[in-house]
Structure formats: structure tokens, C-alpha cells
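S.K.: Got a structure for you, written out below as C-alpha cells; questions coming shortly.
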Amino acid sequence: MVEIPTGLVEAQIRYNGDAGREFIAVVPARAAEFLERWGLTRTGPGMHGVTALVLPVERADGTPAALKLQALDEESAGEHLALRAWGGDGSVRLLDHDASTGTMPADVPDALGGLDERGRGVLCGCAAAVAEVVGEPGDRLLHWDLHDDNVLAGGREPWLAIDPKPLAGDPGFDLMPAIGDHFTADDVWWRFDLMTEVMGLDRDRARAWTSGRALQNCLWDVEDGEPLQEEQLVTAELLLAGRRAG
């Protein structure tokens, strides 16, 4: 019998309510089903984030692997497509996948009027920056959630990405998670400069799309009735100031 970590239970109830409770209720049976279906043997205790239970396993041929059981939503439904497209190049290798899907619609209220002058100004500035580049959205396969906890040390390669929330777009839209890891305002520019240099990105476009990412995160806070995150506001303010100076 698979035990569900308390942290995963609390996260699912907090963020997904009744849908989270339903997910938690079916995880033990679902784990047993796929362990048997794919001939997997558990090799250690389960791990978890906010959306998934991950069981270390071994395949019938002795290959070490991990079985991931997650609550599907509009972000995670395409994860297998990204992993299959990358084929293990810089990411974990997808060995198999169950095709069942799920949806989680949400309405976005018109709540910008409740923000203070600074929050409205930052969001409007971000929207204006995105408006300049939205006509050329890009077609690269993005990870979307490439922060420290989603890059693990590996044996096949030194570092492997996990847990993509794939979408097509401009690489500049993928920089925000790394900028925000262990955030301090002094880190924004050197991290931005390093990533744009290594990736060969146009700095103006990257600033615009990173501002768009800050806008997305802030609008989610508005949707959830939460205060805007200071790190998002500070990052956006710095990027927008640099854009105007440039």
C-alpha cells in the first residue's frame, strides 16, 4: 500500500480543494495499477512536490527509474510531450506514459482596480512591453518551470531537467524561474545577463518576455486574491527600467 505524504495531501487540498481530495483518494490504487502494469518494483520511499507523488522504482530489467503520479491540469497535461521531444537530451528520459488527461478551468476576475498605484503601474508597464513583441511569439519548446528544484544531478549527464510544463514560445519567457530562485534584487541583472549571453538571446526581447512572465505571475495572484509577490514586482521594475534606459 502506497502511503501519501502529508505535505502532498496538504498542498492538494490547499490549491485544488475537492479536486485535490479526489486525486489523493485515487493515488494508492493508481500507483498499484501502474507498478503492476509496467512491471516496476519500488526501491525507496516516495517523494513529492505540490502536484505529484514520485516513487523510486526498478524496471524488470534492473533499470532504475521513477514512477510519477500527478494531478493533471492545463500546465502538466503536456509534460510527456516535452520529455518525448527532448528525448533525454538535458532532461530525464520518458520511458512510458498513460494517456489519460484532466482539465481545471478558472475564471479571472477584473480586480486590477483594487491594486495600489505601484502594482497597477508595474502591470501596465509589463503589458506594454509584451505588446511590443507579441506579434512574434516564438516557436521554441519551453520548459516553463526551470527552477533549482527541477534540475537534478544525474549519472547519464551531470544535470537533468524534470517536471516540464511545456509550451511553445520565446526563450525569454523561460528565464523568470531561475531569476527568482533564492531571490535578491542584486541577483536580477547578473542572472539575466548570464542567461541571455549563454543562450544567445536578444536582450530587448528577453526583457519584454520576462516582463510578460512577471505579468502572468502577478495576474495569478490577483485571481487568487493574494497580494502581489514583491520579487515579481522588483524584477519587473528593474527590467522595465533597463528597457527604458536602453
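S.K.: Among Pro64, Leu215, Leu35, which residue has its Cα positioned farthest towards the positive end of the charge dipole of the chain, with +1 placed on the Cβ of Lys and Arg, -1 on the Cβ of Asp and Glu, and the dipole taken about the Cα centre?
M.R.: It is Pro64.
S.K.: Something else about it: In what order do Trp159, Trp220 fall by count of nearby beta-carbon atoms within 10 Å, going from fewest to most?
M.R.: Working: Trp159 10, Trp220 15.
Fewest-to-most Cβ neighbours within 10 Å comes out as Trp159, Trp220.
S.K.: How far is it, in nm, from the label point at Thr63 to the one at Leu81 when both lie 7 Å from their Cα along the line to the Cβ?
M.R.: That separation, rounded to one decimal, is 2.4 nm.
S.K.: Report the FRET efficiency, 1/(1 + (r/R0)^6), for Ile13 and Glu226, where r is their Cβ-Cβ distance and R0 is 25 Å, rounded to 0.05.
M.R.: Details: r = 17 Å, r/R0 = 0.68.
It comes to 0.90.
S.K.: Sticking with this structure for a sec: Among Phe192, Phe183, which comes first, then next, by fewest other beta-carbon atoms within 10 Å?
M.R.: Working: Phe192 24, Phe183 16.
The most exposed by this proxy come first: Phe183, Phe192.
S.K.: Follow-up question, since we're still on this one. Can you give the extra length, in nm with one decimal, that the chain gains between Phe183 and Gln216 once fully stretched, where that is 0.36 nm per residue apart less the Cα-Cα distance? Intermediate results must be reported in sequence, preceding the final value.
M.R.: Values: separation 33, 0.36 × 33 = 11.88 nm, distance 1.80 nm.
Length gained between Phe183 and Gln216: 10.1 nm.
S.K.: Test of understanding: what is the full-extension gain from Leu95 to Arg37, defined as 0.36 nm times their sequence separation minus their Cα-Cα distance?
M.R.: Numbers: separation 58, 0.36 × 58 = 20.88 nm, distance 1.33 nm.
Between Leu95 and Arg37, full extension yields an extra 19.6 nm.
S.K.: Separate question: For the stretch 112-245, report the convex hull volume of the alpha-carbon atoms normalised per residue, in Å³, without decimals. Present the calculation step by step, with values, prior to reporting the outcome.
M.R.: Values: hull volume 16.6 nm³, N = 134.
For the stretch 112-245, the hull spanned by Cα atoms encloses 124 Å³ per residue.
S.K.: What are the residues whose amide H is under 5 Å from the amide H of Leu67, where those residues sit 5 or more places off or on another chain and H is modelled from the backbone?
M.R.: Hits under the 5 Å cutoff: Leu55, Val57.
S.K.: I would also like to ask the following. ³J(HN,Hα) across the stretch 206-212 via Karplus (A = 6.51, B = -1.76, C = 1.60, θ = phi - 60°), whole Hz, x for Gly/Pro?
M.R.: Ordered by residue, 3J(HN,Hα) equals 5, 4, 5, 6, 5, 4, x Hz.
S.K.: Tally the DSSP beta bridges in the chain and give the antiparallel ones as a percent, rounded to 5. Before the final figure, lay out the partial values.
M.R.: On the way: 17 of 18 bridges.
Counting DSSP beta bridges with both partners in the chain, the antiparallel share is about 95 percent.
S.K.: Tell me what the chain gives for mean residue ellipticity at 222 nm when only DSSP H runs of n ≥ 4 count, each as -39,500 (n - 2.57), the sum divided by the residue total, rounded to 500 deg cm²/dmol. Walk me through the intermediate numbers first.
M.R.: Numbers: 7 runs with 113 residues, N = 246.
-15500 deg cm²/dmol, from helical runs alone.
S.K.: Here's something else I'd like to know. Sort out the exposed loop GluC sites (Glu not before Pro) in the chain (DSSP loop, at most 16 other Cβ within 10 Å) and tell me the longest stretch that has none.
M.R.: Working: sites that count: Glu3, Glu74, Glu75.
Longest run free of exposed loop sites: 76-246.
S.K.: Just from the alpha-carbon atoms, what are the Rg and Dmax of the chain in angstroms?
M.R.: Expressed in Å, the Cα Rg and Dmax of the chain come to 19.8, 61.
S.K.: If you don't mind, there's one more thing I want to ask. Rounding to the nearest 20 debye, state how big the charge dipole of the chain is about its Cα centre with +1 on each Lys and Arg Cβ and -1 on each Asp and Glu Cβ.
M.R.: On the way: 21 positive and 43 negative charges, 102 e Å.
That gives a dipole near 500 debye.
S.K.: Can you sort Leu81, Leu141 from fewest to most other Cβ atoms within 10 Å of each residue's own Cβ? Please report the intermediate quantities before stating the final value.
M.R.: Values: Leu81 14, Leu141 17.
Ascending number of Cβ neighbours within 10 Å: Leu81, Leu141.
Read-outs: derived from the displayed coordinates by stated rules, not from any lab. Values in this document were obtained by computation on a predicted structure and should not be read as measured data. Virtual Cβ from ideal backbone geometry, glycine too; neighbours counted across all protein chains shown.
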